Amino acid sequence: KDLLVPLTSSMYVPGKLSDVERVLIDVGTGYYVEKTADDAREFFKRKIDFLTKQMEKIQPALQEKHAMKQAVVEMMSQKIQQLTALGAAQGATTKA
């Protein structure tokens, strides 16, 4: 079966799959496991489900961090405006 083989994250080369019943899957940290195509589908379905649950768990914390970042940015903007106004006022009094 014809397919594209990834060499890097953005470069693929044409290839042929000689055995369509058995595939190698990357299970992480450089380890590969040979599985049947159905077992590989089940593995990736479980992995997708796990990652989806993890994303749902961290999303509230991420939203809270984003809100805190926005508050800090607003505070810094106010301080910069105050310092700019103070500098302009001091510059005007020294010229007078």
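The values are calculated or read from the model by the stated rules, or taken from the named source; none is laboratory data. What you see is a predicted model, and the numbers here were worked out from it, not measured in a lab. Here the Cβ positions follow ideal geometry from the backbone for every residue, glycine too, while neighbour counts run over all protein chains shown. The accessibility values were calculated without ligands, DNA or RNA, using every heavy atom of the protein model including side chains. Shrake-Rupley method; radii C 1.70, N 1.55, O 1.52, S 1.80 Å.
What tally of residues in the range 1-11 results from selecting those that are of a type outside the set (D, E, K, R), open to solvent by 100 Å² or more (accessible area, probe 1.4 Å) and under 24 Å from Lys45 (Cβ atoms)?
Total satisfying the criteria: 2.
Residue by residue through the range 12-35, note down the ones that are farther than 21 Å from Arg46 by Cα, open to solvent by less than 100 Å² (accessible area, probe 1.4 Å), assigned to a loop (DSSP other than H, G, I, E, B) and not acidic (Asp, Glu). Outline the logic, then answer.
Step one: filter the range 12-35 for residues farther than 21 Å from Arg46 by Cα, giving 12-20.
In the following step, the residues that additionally are open to solvent by less than 100 Å² (accessible area, probe 1.4 Å) were identified as 13, 15, 17, 19-20.
Filter once more, keeping what is assigned to a loop (DSSP other than H, G, I, E, B): 17, 19-20.
Selection gives Leu17, Val20.
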